[in-house]
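**Student:** One structure follows; several queries about it will come next.
The values are calculated or read from the model by the stated rules, or taken from the named source; none is laboratory data. Because the structure is a prediction, the values reported are computed rather than measured. A quick note on method: Cβ atoms are made from the backbone with ideal geometry, for glycine too, and the neighbour counts reach across all protein chains shown. Accessible surface areas use protein heavy atoms only, side chains included; no ligands, DNA or RNA. Shrake-Rupley method; radii C 1.70, N 1.55, O 1.52, S 1.80 Å.
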Amino acid sequence: MNTCPTSDWLEFDRSLAQTQQPLALFRAQLKSAKESLKKRFDANAPVHELVTERATEVDQLLIRAWQRQFDRDDTRIALVAVGGYGRGELHPASDVDLLILAATQEDITRHAEHIEQFLLFLWDMGLEVGHSTRSLNDCVEQAKADITVVTNLMEARLLVGPSALFHEMKSAVGPNNIWPGLDFFRAKREEQVARHHRFHDTAYNLEPNIKENPGGLRDLQIIGWVVKRHFGAETLRELVDHHFLTEHEYCALMEAQDFLWRIRFGLHSITGRREDRLLFDHQRTLATQFGYEDSDNKLAVEQFMKDYYRTVLELSRLNEMLLNLFEEKILFAGETEPPVTINTRFQSRRGVLEARHNKIFLREPWALLEVFLLMARDPQLRAVRADTIRLIRDHRYLIDAEFRRTPRCHELFVELFRQGTGLTHELRRMNRYGVLAAYVPLFGDIVGQMQHDLFHVYTVDEHTMFVVRNLRRFTVPEFAHEFPLCSRTIHRIEQQEVLTLAGFFHDIGKGRGGNHSQLGAVDAVNFCREHEINEHNTHIIKWLVENHLLMSTTAQRKDISDPDVIAEFSQRVGNQKRLNHLYLLTVADIRATSPSLWNSWKDALLAELFHATSRALRRGLEKPADHRGLVEEIQDTSLAELKKLGMDPATVQTHWRRLKPDYFLRHSANEVVAQTRNILSIKDNSNPLVTVRSDTPRGGSEIFVYMRDDHQLFATITSALERMGLNITDARIITSADHFALDTFLVLEKTGEAIADPARREEVKLGLTNALKTPGDAPSPNVRLTRQQKYFPIETRVLFREDANNHRTEMEVISSDRPGLLARIAKGLVECDIRLQNAKIATFGERAEDIFFLTNNDDQPISTAQQHDLRETLIGLLDDKPQQ
């Protein structure tokens with residue numbers, strides 16, 4: 001039994017013997033202990049002391065509470081701490097995991113009333129208890145069936161009761177009877193792989209889970225469980241005694257644990273509950289509490305999170321190395337399979353790469369890079385031997401300025417980027433081992449560098465890895481169905497290392513202040529010249545890094561139905577080769593920014609810009625866009641299709657004469673055919689015509705509205721669509737000569753998908769039709785900020801630019817994205833008597849950057865005075881205390 005007869009507990013026992021209200025005494029003691037630990041935490045007391053003292057404090061309360069219900073001499077029932085509490089670790093709000101262990105089921109029945117009263121007392125005391133009541137036989141049967149049960153029981157610690165009963169249980173569920181070390185290791189390794197997959201195999205999430213994420217506390221616990229199960233070790237310190245870790249590595253492991261424990265202790269203290277997610281709500285609070293301060297280029301919270309990400313990177317490396325060592329000792333113990341020689345420096349054994357001798361890196365330092373090239377070249381090599389990982393880590397000091405100037409190193413590093421498979425895996429491995437940051441110091445600056453917004457959900461280095469992965473994925477035949485255009489285009493790239501090197505350098509300039517694209521372009525040029533990459537390829541890489549945002553901003557912020565926009569973009573790109581590279585890099589970059597950022601609309605939008613630019617380049621940059629010729633081409637194609645459908649050409653031409661050329665420039669032949677058929681099929685123009693088409697070539701679902709124009713029409717439509725939970729990505733507003741609106745909206749569900757369900761399409765059609773019967777009457781949706789957006793406030797800005805070629809004004813609205821935003825902007829346009837011609841809706845995380853093309857009622861650009869009034873109106877509407 002765990003006892004602690006200190007003076008404090010002796011005083012507690014005297015008070016307990018005298019009181020008629022024991023519950024109040026227990027609660028007061030628990031509260032006092034919690035407050036004391038919080039004060040010590042705020043005073044920077046060692047967190048491992050606080051965690052163990054919290055467990056000891058709870059031990060004493062539980063023992064005394066148990067003895068109030070159970071006979072001290074009862075040899076048939078015991079109270080056992082399990083799980084993390086069994087390890088003697090307890091954070092402020094962690095569950096107190098208990099096992100009430102009985103000899104038989106009959107003993108449980110006999111003590112049922114006492115067990116119930118005991119548990120009720122604990123809950124009334126204020127403890128968060130997780131409990132199970134099992135007989136010896138129950139423990140064995142449930143542990144056999146469920147590895148989580150046996151894991152829990154492995155860490156069991158007797159609190160009070162017969163030690164003989166406890167040891168009988170420990171022996172019965174031990175590795176000699178169930179879950180031997182070999183099976184246990186295999187199951188735990190598979191469990192870790194599955195858990196990592198749930199987090200996209202990255203620890204670098206925007207709001208990480210410090211326990212379950214790769215590199216988190218659970219990875220540390222996996223190590224402890226395997227050591228305990230197979231080797232009988234009780235503490236991680238014994239890893240040094242068993243020669244699994246050096247003293248230095250053990251200290252690194254403990255420092256990482258203490259850092260994560262400190263974060264976890266802080267999270268529990270801040271929230272007052274069990275919380276393992278490092279949410280935005282808490283990141284800034286903890287950064288301040290831990291003493292971080294804002295600097296010129298980095299916020300305190302960014303510095304704190306950088307330390308977090310680097311800590312979990314180190315934990316990931318130690319976890320990988322130790323599991324590899326365990327594999328050798330557990331799975332392949334006693335095997336004497338001869339190694340396969342690769343060269344004079346390396347060999348493999350059972351698919352694991354290993355150095356042939358310990359002096360290899362001293363004799364041939366460039367072999368520090370060769371390791372990763374060998375791994376990438378041979379898919380049969382699945383891991384690096386733990387001893388070799390340690391050798392690599394111990395010899396990183398050799399990667400100095402002279403090393404970086406060595407031609408052999410240059411050849412190896414560039415050759416790695418030429419590999420068809422394995423590149424991303426090996427770049428990640430290089431990053432984990434610290435070799436990548438040593439060889440490319442500028443990359444080291446972005447390791448763990450978060451971008452404190454909702455647009456970028458990964459650190460800069462992890463985002464870069466995803467970009468390279470996406471580029472390589474385009475080459476894999478099995479994934480050709482995901483991005484057919486990308487898969488076809490990448491096979492036109494002759495030297496794909498040019499593309500992947502551009503991907504590697506595209507964000508390397510972040511975190512230094514200034515324009516990261518320009519900084520990165522300079523870095524890329526320096527790298528290319530040092531590595532003797534020819535001037536032609538150097539120029540392409542430089543151009544791609546410098547312009548890697550060009551295609552996405554053009555597609556999402558400009559009217560790409562405008563031939564002049566295409567002509568300008570084509571001039572910037574210059575040739576098809578650049579366009580191919582830029583398109584692939586753009587898709588890979590957007591997809592790597594956030595799992596939720598890519599959708600069918602962006603896919604179609606970029607593809608449309610790619611094809612339009614390809615046509616312009618084939619036509620020749622010296623030939624200006626022929627607006628009249630494009631209109632005639634659309635009309636001829638559409639009319640031919642309408643004839644096939646039985647439409648009267650004269651009727652069609654009469655209808656088209658009501659429309660300005662702008663209509664045909666901004667719609668595809670497919671859209672013109674569908675809309676013309678629908679309009680000419682109705683007999684009564686007094687009611688609104690609403691159609692909903694899914695899976696259109698532009699991505700998303702197309703909602704078309706035809707009715708007599710009304711000044712509040714755009715506001716009515718946007719309000720109705722947003723109330724139905726649809727995201728508007730594009731709006732084309734057309735008014736005929738006889739004042740009918742032909743408005744087309746591209747929309748997506750909240751999931752980022754088109755409206756797939758026919759019933760849902762009918763629901764949207766009916767809801768919008770009803771709203772249009774009384775334009776202007778529909779209520780605006782609430783403008784409600786999400787929990788995350790409250791921590792990234794964005795001041796609304798309204799900017800104006802003249803679009804002289806089209807006789808209109810371009811307005812950009814930058815604000816926090818939330819439901820109801822577009823409807824409020826539409827309301828502002830109505831109030832200021834401004835007409836909308838077109839809209840481009842772009843969202844970057846929490847930030848909306850929407851573009852609107854406007855005119856006055858005479859179809860002319862709006863005046864300076866109108867711009868001022870509209871700006872003031874919109875800021876008032878959008879910053880009007882949105883609901884929290």
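**Student:** State the number of residues belonging to the range 555-608 that are farther than 25 Å from L665 by Cβ and among the acidic types (D, E).
**Tutor:** Of the residues in the range 555-608, 1 are farther than 25 Å from L665 by Cβ and among the acidic types (D, E).
**Student:** Sticking with this one: Can you tell which of L62, L50 is out of contact with any helix residue (DSSP H, G or I) (no Cβ under 6 Å at 6 or more places or on another chain) and either modelled with pLDDT of 95 or more or in a strand (DSSP E or B) (or both)?
**Tutor:** After ruling out the rest, the residue left standing is L62.
**Student:** Would you call V672 buried (at least 19 other Cβ atoms within 10 Å of the Cβ), at pLDDT 90 or above and either assigned to a loop (DSSP other than H, G, I, E, B) or in contact with a Pro (Cβ under 7 Å, 6 or more places away or on another chain) (or both)?
**Tutor:** For V672, the condition - buried (at least 19 other Cβ atoms within 10 Å of the Cβ), at pLDDT 90 or above and either assigned to a loop (DSSP other than H, G, I, E, B) or in contact with a Pro (Cβ under 7 Å, 6 or more places away or on another chain) (or both) - is not met.
**Student:** Mind listing just one residue for me: the one in the range 241-257 that is surrounded by 16 or more Cβ atoms within 10 Å (Cβ to Cβ) and not polar (S, T, N, Q) and, of those, nearest to D394 (Cα to Cα)?
**Tutor:** Filtering first and then ranking leaves E249.
**Student:** Another question, if that's okay. Looking at the structure I just gave you, is T459 touching a residue at least 40 places away in the same chain (Cβ under 8 Å), open to solvent by less than 10 Å² (accessible area, probe 1.4 Å), on the phi < 0 side of the Ramachandran plot and not aliphatic (A, V, I, L, M)?
**Tutor:** Judged against the criteria, T459 is a match.
**Student:** Among the acidic types (D, E) and either within 18 Å of C486 (Cβ to Cβ) or not in a helix (DSSP H, G or I) (or both), is that true of D559?
**Tutor:** Against the criterion (among the acidic types (D, E) and either within 18 Å of C486 (Cβ to Cβ) or not in a helix (DSSP H, G or I) (or both)), D559 qualifies.
**Student:** So, one more: Among (1) modelled with pLDDT of 90 or more; (2) buried (at least 20 other Cβ atoms within 10 Å of the Cβ); (3) in contact with a Pro (Cβ under 7 Å, 6 or more places away or on another chain), where does A823 come up short?
**Tutor:** (1)
**Student:** Among the residues in the range 89-106, are any within 19 Å of S135 (Cβ to Cβ), under 44 Å from the mean Cα position of the chain (by Cα) and open to solvent by 40 Å² or more (accessible area, probe 1.4 Å)?
**Tutor:** yes
**Student:** Within the range 363-384, identify whether any single residue is part of a helix (DSSP H, G or I), surrounded by fewer than 22 Cβ atoms within 10 Å (Cβ to Cβ) and touching a residue at least 60 places away in the same chain (Cβ under 8 Å), and answer yes or no.
**Tutor:** no
Conditions tested, residue by residue: (1) open to solvent by 40 Å² or more (accessible area, probe 1.4 Å); (2) closer than 30 Å to F259 by Cβ; (3) in contact (Cβ under 8 Å) with a residue 40 or more places away in the chain.
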residue	(1), (2), (3)
L30	no, yes, yes
N44	yes, yes, no
R87	yes, yes, yes
E116	yes, no, no
D124	yes, no, yes
H131	yes, no, no
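**Student:** Look through D859, D869 and report the one residue that is in a loop (DSSP other than H, G, I, E, B) and out of contact with any helix residue (DSSP H, G or I) (no Cβ under 8 Å at 6 or more places or on another chain).
**Tutor:** Result: D859 is the single residue among D859, D869 that is in a loop (DSSP other than H, G, I, E, B) and out of contact with any helix residue (DSSP H, G or I) (no Cβ under 8 Å at 6 or more places or on another chain).
**Student:** Of all residues being in a loop (DSSP other than H, G, I, E, B) and open to solvent by 60 Å² or more (accessible area, probe 1.4 Å) in the range 745-778, which is nearest to A604 (Cα to Cα)? Just the residue, please.
**Tutor:** By that ranking, first place goes to E753.
**Student:** If you take the residues of the range 107-122 that are among the aliphatic types (A, V, I, L, M) and more than 41 Å from the chain's Cα centre (by Cα), which of them is farthest from A172 (Cα to Cα)?
**Tutor:** Checking each candidate, the answer is L120.
**Student:** Let me ask something additional. Of the residues in the range 504-556, how many are part of a helix (DSSP H, G or I) and either on the phi > 0 side of the Ramachandran plot or crowded, with 17+ Cβ neighbours inside 10 Å (or both)?
**Tutor:** Number of matching residues: 26.
**Student:** Can you pull out the residues in the range 668-715 that are free of Cβ contacts under 8 Å to residues at least 60 places away in the same chain, more than 20 Å from A640 (Cα to Cα) and among the hydrophobic types (A, V, I, L, M, F, W, C)?
**Tutor:** Across the range 668-715, the qualifying residues are I682, L689, F704.
**Student:** Of the residues that make up the range 302-314, is at least one out of contact with any strand residue (DSSP E or B) (no Cβ under 8 Å at 6 or more places or on another chain), surrounded by 17 or more Cβ atoms within 10 Å (Cβ to Cβ) and farther than 30 Å from D394 by Cβ?
**Tutor:** Yes: the range 302-314 contains one or more residues that are out of contact with any strand residue (DSSP E or B) (no Cβ under 8 Å at 6 or more places or on another chain), surrounded by 17 or more Cβ atoms within 10 Å (Cβ to Cβ) and farther than 30 Å from D394 by Cβ.
**Student:** Any chance the range 145-160 includes a residue that's over 39 Å from the mean Cα position of the chain (by Cα) and either open to solvent by 60 Å² or more (accessible area, probe 1.4 Å) or more than 11 Å from L99 (Cβ to Cβ) (or both)?
**Tutor:** Looking through the range 145-160, at least one residue is over 39 Å from the mean Cα position of the chain (by Cα) and either open to solvent by 60 Å² or more (accessible area, probe 1.4 Å) or more than 11 Å from L99 (Cβ to Cβ) (or both).
**Student:** When you go through (1) surrounded by fewer than 20 Cβ atoms within 10 Å (Cβ to Cβ); (2) over 35 Å from the mean Cα position of the chain (by Cα); (3) at pLDDT 90 or above one by one for L742, which number turns out not to apply?
**Tutor:** (1)
**Student:** For a quick check of your reading of the model, give me the residue pairs whose first member lies in the range 653-667 and is closer than 10 Å to A737 by Cα, whose second is open to solvent by 70 Å² or more (accessible area, probe 1.4 Å) and in a loop (DSSP other than H, G, I, E, B), with beta-carbon atoms closer than 6 Å and at least 6 apart or on different chains.
**Tutor:** R658/A737
**Student:** Still on this structure, please answer the following. Tell me which residues, restricted to the range 215-236, are at negative phi, in a loop (DSSP other than H, G, I, E, B) and open to solvent by 10 Å² or more (accessible area, probe 1.4 Å).
**Tutor:** Within the range 215-236, E234, T235, L236 meet the criteria.
**Student:** Could you list, in sequence order, the residues of the range 660-669 that are in contact with a helix residue (DSSP H, G or I) (Cβ under 9 Å, 6 or more places away or on another chain) and either over 19 Å from I566 (Cβ atoms) or in a helix (DSSP H, G or I) (or both)?
**Tutor:** Correct list: P661, D662, Y663, F664, L665, A669.
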